[in-house]
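K.L.:
Input: one structure, supplied below.
The values are calculated or read from the model by the stated rules, or taken from the named source; none is laboratory data. The model shown is predicted, which means the values in this text are computed figures rather than measured ones. Every residue, glycine as well, gets a Cβ built from its backbone with ideal geometry; the counts of neighbours run over all protein chains shown.
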Amino acid sequence: MLNTLIDGLLRGNVYALGAVGISLVFGVMNVVNFAQFSFFGLGAMLAWFFVAQEGLPFWLALPLVLVICGALGLVINISVVRPLAKFLPLAAMLSTYAVSQILDNVSQISFGAQFRVFPQVLPTSNFHIGNMRFGTSDVVMLSITAVVMVVMSLFLKYGKIGKAIRATAQDQEAALQMGIPVGLVQHVSFVIASSLGGLAGVFIALYIGVANPTSGLDIGLTAFVAATLGGLGSLVGGVIGGFVLGILEAFGIYFFGDTSREIIVFVILIVVLIVRPGGLMGKVPLISTEPLTGTFLGKGRPLRMPRWVWPAAFVVGGVVIPLVASDYVLTTGTQVLIYAIIAAGFTVTAGQSGVLALGQAGPIAIGAYTSALVTMNLHFSFWAALPVAGLSAAIIASVLASPIWGVKGHYISIATLGLGVAIVAIIQLLEPQGIYNIPVPQWFGTVLSTPIAYYLIDFGVLVITLLVMWRIRRSHLGRVISAVGSDEVAALASGVRGRNYKALAFAISAFFAGVGGSLLAHQYTYIDPTMFTMLMSLLVVTIVIMGGVSLPYGAVVGSIILIGAMELLRFTPELRIIAYGLVLILVVRFRPGGILVRNS
Amino acid sequence: MTDLLALDDVNVYYGPFHALRGNTLTVGEGEIVSLLGGNASGKSTTMKTILGLIKVKSGTVHFAGEDVTHASTRHRVKAGIASVPEARRVFPQMTVDENLMAGAYTRSDRAGIAEDLERMRDRFPRLAERRRQEAGTLSGGEQQMLAFARALMSRPKLICMDEPTMGLAPKLVDQVLDEIVRINKELGVAVLFVEQQAELALSIASRGYVLATGEIVLKGTSNELLHNPQIQEAYLGKATQA
Ligand SMILES: Nc1ncnc2c1ncn2[C@@H]1O[C@H](COP(=O)(O)OP(=O)(O)OP(=O)(O)O)[C@@H](O)[C@H]1O
Ligand SMILES: [Mg+2]
């Protein structure tokens with residue numbers, strides 16, 4: 001028990017550092033900074049590189065890591081976050097998400113993807129008090145954090161820039177009017193937060209003994225939950241939230257095992273958002289609704305498409321390509337089509353209802369697993385399993401998401417991101433092995449397992465999806481959803497309960513995600529939880545943003561470019577992710593309506 | 001008399017929306033000028049333009065003989081423009097003293113700042129009593145005084161006040177107006193202020209400007225404006241609909 005408490009303190013130590021950084025940046029910029037999440041992974045890798053590879057003493061490596069992370073943070077703020085923060089926090093958040101993916105993968109390319117063993121620089125279990133075991137390493141880590149926190153609070157209380165940071169966090173506009181250099185304040189906060197992230201990363205390496213470039217997002221997400229628990233924007237809250245969360249998590253793992261970690265964290269997030277959205281220390285946050293539609297992504301007019309485009313696209317996609325394309329191209333085509341289905345369905349949520357859900361991998365996974373299980377255990381045919389997969393994704397995802405529709409702005413995005421992670425974690429808990437030999441589709445006894453058969457099935461489903469989306473948009477329901485998305489307050493005033501319609505839009509999107517998951521499962525004939533990553537979710541978001549969040553056919557174009565072109569250009573997986581990230585940043589910055597939409 | 005502040009043919013846009021339409025406005029040294037106009041007529045926009053929070057599309061802004069059209073807010077504050085923002089906007093979780101110090105952010109003369117801090121405590125005894133209290137816990141009237149004192153801490157030549165009486169009880173409104181006069185008389189600071197109630201505003205101002213849909217439609221001394229038959233109409237924003 002006591003050892004679990006120590007474990008909790010050490011975990012909490014990392015989360016506290018992360019949460020303070022997140023709160024700091026959030027306070028002065030109103031942006032949830034995903035890029036900072038990457039510094040956890042990067043800090044660990046840099047420490048490994050300096051200590052294990054270059055043989056530097058730990059005490060030299062530590063400040064080096066802090067300086068590098070801080071400098072990198074400054075570059076990111078200047079090049080990506082600041083230019084967007086002026087428009088809308090959501091645009092900046094999306095871009096920081098992209099930056100974090102880029103950073104993780106650049107780090108993976110430079111350091112290699114494998115887990116690296118971090119040398120033991122300090123003894124880890126040389127103290128015994130009763131049953132408790134701990135080491136100099138643990139004491140040093142906790143002391144460094146204590147010193148950092150004391151220095152930080154003195155700086156904020158008495159330092160000139162520190163006071164400016166507080167003033168800016170409390171009222172940015174008023175701070176500007178006093179002549180406070182808000183830009184500088186934001187840079188400084190960003191640098192501090194990045195260095196704290198790097199420090200947390202070094203601690204992770206020290207504590208776990210291994211370093212991995214892509215561990216950052218996961219830990220960052222937990223730190224964000226800690227910040228929310230403590231009260232986003234409150235630094236004391238960040239520290240308290242970090243330690244409370246670390247201890248809760250340690251005991252959760254002690255009782256339920258390691259795979260329950262993500263679920264515990266997600267449950268805590270949901271409970272905080274429902275019971276006390278301002279967190280332990282904070283007031284109810286003042287983030288206003290920022291629906292995507294009408295305010296940034298939905299702006300502008302779609303390019304005019306001549307009428308002949310639709311039949312032409314149908315003939316090319318459904319007849320010409322199947323006739324002339326090679327198996328390789330057709331197999332790539334199936335991927336393009338499946339993602340187009342998922343993304344087109346996602347436009348109701350992202351475009352119309354204005355909810356930037358970041359966890360679509362969750363419903364995709366539900367669909368894939370449902371489809372595999374009902375065909376294998378209940379002997380459903382593929383054709384029956386397909387809609388069942390969609391329905392079960394819609395129902396399960398909606399039930400799990402039901403608590404989050406009351407929250408707003410960033411929270412809803414982060415909550416859906418957490419939801420995606422939690423769904424996959426639940427699946428991992430129930431079905432850790434993965435499922436083999438998923439039956440392939442059949443048509444009256446004929447096995448449809450050739451690339452061209454898959455291609456035609458997917459093409460048919462995509463056509464139906466687009467027709468359904470088109471119908472929904474033109475229906476009364478579709479218009480109400482759009483109204484909620486473009487102005488929730490006004491919609492509420494006219495008697496529409498926004499959250500119900502957001503939930504409905506999410507269910508519709510989850511249905512198509514589930515259908516897409518089913519198609520994937522029966523084509524791969526093998527699935528396991530590692531396939532449904534945050535990256536899959538990012539890809540879906542990038543596709544719709546590239547094509548235009550409220551244009552279902554834009555999703556097809558986005559999918560052709562992001563999946564088709566990158567496959568045909570034979571980008572490596574790491575390069576692809578970097579490309580996705582860059583596309584996301586550039587589109588949000590220069591063409592926020594999507595490539596098919598003229599800027600207004 | 002040279003003008004302390006001079007806006008000349010200023011045009012401001014929010015995206016495609018033309019918010020200020022070729023406005024020309026001056027404030028002399030030590031003068032009190034009031035800015036009138038109906039809702040959404042561009043009063044706050046004018047204030048923000050003077051403070052450099054919004055960029056002008058064309059036209060110039062001069063302050064104390066210097067062209068500050070493209071200067072940063074920080075530069076303007078240093079040059080002597082201070083602000084009492086709309087809805088006061090004190091820093092709620094900072095103490096009264098910290099709020100005052102924030103007003104002196106652009107200054108670096110420690111001795112002078114300490115001296116001014118003392119002066120503010122003498123001038124506003126209520127604030128002195130509450131120096132360690134968080135500003136968010138002050139009453140509305142006290143917050144208004146704090147906003148005034150905070151503005152004075154930069155040793156301004158001009159204070160821009162956006163609706164300093166907003167949301168205050170009638171008795172407090174009178175107090176605030178008295179305070180404006182007192183600051184002006186005793187410290188010689190010029191004041192440009194926005195006020196919804198025309199009679200009240202003109203009772204302490206020497207001159208006034210009336211905005212309607214982004215345009216200055218009337219200007220003159222307080223006396224002229226008070227006796228202008230159009231004033232009620234223009235002030236209520238009806239002139240544009242006729
Ligand atoms: N940030 C902004 N973006 C777009 N339009 C704006 C912005 N700020 C103000 N406006 C518009 O500019 C016009 C003038 O606004 P302003 O705030 O200057 O009016 P005001 O005279 O201060 O009104 P009030 O008496 O309500 O304070 C309004 O139509 C308003 O909608
Ligand atoms: Mg106003």
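K.L.:
Would you check which residues across segment A:322-369 are assigned to a helix (DSSP H, G or I), closer than 22 Å to A:Ile452 by Cβ and of a type outside the set (A, V, I, L, M, F, W, C) and list them?
P.N.:
Within segment A:322-369, A:Pro322, A:Asp327, A:Tyr328, A:Thr331, A:Thr332, A:Gly333, A:Thr334, A:Gln335, A:Tyr339 meet the criteria.
K.L.:
Here is a follow-up. In segment B:74-94, which residues are of a type in the set (Val, Ile, Thr), more than 16 Å from ligand 1 (Cβ to nearest atom) and in contact with a helix residue (DSSP H, G or I) (Cβ under 6 Å, 6 or more places away or on another chain)?
P.N.:
Across segment B:74-94, the qualifying residue is only B:Val90.
K.L.:
Let me ask something else about it. How about segment A:443-526: which helices (runs of 4 or more DSSP H) wholly inside it have at least 3 residues that are modelled with pLDDT of 90 or more?
P.N.:
A:451-474, A:498-524
K.L.:
Could I ask something else about it? Filter segment B:86-107 for residues that are facing chain A (nearest Cβ under 9 Å) and of a type in the set (A, V, I, L, M, F, W, C) and give the result.
P.N.:
Scanning segment B:86-107 gives B:Val90, B:Phe91, B:Met94, B:Met101, B:Ala102, B:Ala104.
K.L.:
Using the structure shown, decide if B:Arg119 is assigned to a helix (DSSP H, G or I) and closer than 30 Å to B:Asn11 by Cα.
P.N.:
no
Yes/no per residue for (1) surrounded by fewer than 21 Cβ atoms within 10 Å (Cβ to Cβ); (2) over 25 Å from A:Leu417 (Cα atoms):
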site	(1), (2)
A:Ala365	no, no
A:Val374	yes, yes
A:Asn377	yes, yes
A:Phe380	yes, yes
A:Ala389	no, no
A:Ile395	yes, no
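K.L.:
Here is a further query. Report the residue count in segment B:1-45 for those that are buried (at least 21 other Cβ atoms within 10 Å of the Cβ), within 13 Å of the chain's Cα centre (by Cα) and under 16 Å from B:Pro156 (Cβ atoms).
P.N.:
Result for segment B:1-45: 4.
K.L.:
Can you go through A:Leu582, A:Leu586, A:Leu551 and tell me which one is in contact with a strand residue (DSSP E or B) (Cβ under 8 Å, 6 or more places away or on another chain) and closer than 30 Å to B:Gly15 by Cβ?
P.N.:
Residue meeting the stated conditions: A:Leu551.
K.L.:
Could I ask something else about it? Among the residues of segment B:13-66, which ones are within 9 Å of ligand 1 (Cβ to nearest atom) and touching a Ser or Thr at 6+ places or on another chain (Cβ under 7 Å)?
P.N.:
Scanning segment B:13-66 gives B:Ala19, B:Leu20, B:Leu35, B:Ser41, B:Ile54.
K.L.:
Looking at segment A:193-214, is at least one residue surrounded by fewer than 23 Cβ atoms within 10 Å (Cβ to Cβ), in contact with a helix residue (DSSP H, G or I) (Cβ under 6 Å, 6 or more places away or on another chain), away from every other protein chain (no Cβ under 14 Å) and assigned to a helix (DSSP H, G or I)?
P.N.:
Yes, that holds for at least one residue.
K.L.:
Give the residues of segment B:184-199 that are closer than 14 Å to B:Val84 by Cα and within 16 Å of ligand 2 (Cβ to nearest atom), sorted by residue number.
P.N.:
Result: B:Leu192, B:Phe193, B:Val194, B:Glu195.
K.L.:
Go through segment A:32-68 residue by residue and tally those that are under 28 Å from A:Phe590 (Cβ atoms) and out of contact with any His (no Cβ under 9 Å at 6 or more places or on another chain).
P.N.:
8
K.L.:
Looking at (1) touching a residue at least 40 places away in the same chain (Cβ under 8 Å); (2) within 15 Å of the chain's Cα centre (by Cα), which is the one condition that is false for B:Ile183?
P.N.:
That leaves (1) as the condition not met.
K.L.:
Given the criteria among the acidic types (Asp, Glu) and away from ligand 1 (no atom under 16 Å from the Cβ), does B:Glu224 qualify?
P.N.:
When the stated conditions are applied, B:Glu224 passes them.
K.L.:
Can you find a residue that is more than 14 Å from chain A (Cβ to nearest Cβ) and under 29 Å from B:Thr46 (Cα atoms) anywhere in segment B:145-155?
P.N.:
Yes, segment B:145-155 contains at least one residue that is more than 14 Å from chain A (Cβ to nearest Cβ) and under 29 Å from B:Thr46 (Cα atoms).
K.L.:
Yes or no: A:Thr136 touching a residue at least 12 places away in the same chain (Cβ under 8 Å), farther than 22 Å from A:Val75 by Cβ, away from chain B (no Cβ under 14 Å) and surrounded by fewer than 20 Cβ atoms within 10 Å (Cβ to Cβ)?
P.N.:
When the stated conditions are applied, A:Thr136 passes them.
K.L.:
Go over the candidates A:Gly558, A:Gly593, A:Gly554 one by one and state the one that is assigned to a loop (DSSP other than H, G, I, E, B), closer than 19 Å to A:Leu303 by Cα and either not hydroxyl-bearing (Ser, Thr, Tyr) or not assigned by TED's automatic domain parsing to the domain that holds A:Val447 (or both).
P.N.:
A:Gly593
K.L.:
For segment B:23-80, which positions are in a strand (DSSP E or B) and within 14 Å of chain A (Cβ to nearest Cβ)?
P.N.:
B:Phe63
K.L.:
So for segment B:46-55 (the condition being closer than 20 Å to B:Val189 by Cα, of a type outside the set (A, V, I, L, M), surrounded by 19 or more Cβ atoms within 10 Å (Cβ to Cβ) and more than 16 Å from ligand 2 (Cβ to nearest atom)), does at least one residue qualify?
P.N.:
Within segment B:46-55, one or more residues are closer than 20 Å to B:Val189 by Cα, of a type outside the set (A, V, I, L, M), surrounded by 19 or more Cβ atoms within 10 Å (Cβ to Cβ) and more than 16 Å from ligand 2 (Cβ to nearest atom).
K.L.:
Which of (1) among the acidic types (Asp, Glu); (2) within 16 Å of ligand 2 (Cβ to nearest atom); (3) more than 22 Å from the chain's Cα centre (by Cα) does B:Glu86 not meet, given it meets every other one?
P.N.:
Unmet condition: (3).
K.L.:
If you don't mind, there's one more thing I want to ask. Just need a number here: residues in segment B:193-213 that are within 12 Å of ligand 1 (Cβ to nearest atom), touching a helix residue (DSSP H, G or I) at 6+ places or on another chain (Cβ under 6 Å) and in a loop (DSSP other than H, G, I, E, B).
P.N.:
1
K.L.:
Collect the residues in segment B:135-157 that are more than 15 Å from A:Ala174 (Cβ to Cβ) and among the charged types (D, E, K, R), keeping them in residue-number order.
P.N.:
Listed by number, the residues that qualify are B:Glu142, B:Arg155, B:Lys157.
K.L.:
Do we have A:Leu156 as within 14 Å of another protein chain (Cβ to nearest Cβ) and surrounded by fewer than 24 Cβ atoms within 10 Å (Cβ to Cβ) here?
P.N.:
yes
K.L.:
Report yes if B:Ser83 is at the interface with chain A (Cβ under 8 Å from one of its Cβ atoms) and of a type in the set (Gly, Ala, Ser), otherwise no.
P.N.:
Yes.
K.L.:
Moving on. Can you tell me which residues in segment B:83-111 are among the small types (Gly, Ala, Ser) and free of Cβ contacts under 8 Å to residues at least 24 places away in the same chain?
P.N.:
Listed by number, the residues that qualify are B:Ser108, B:Ala111.
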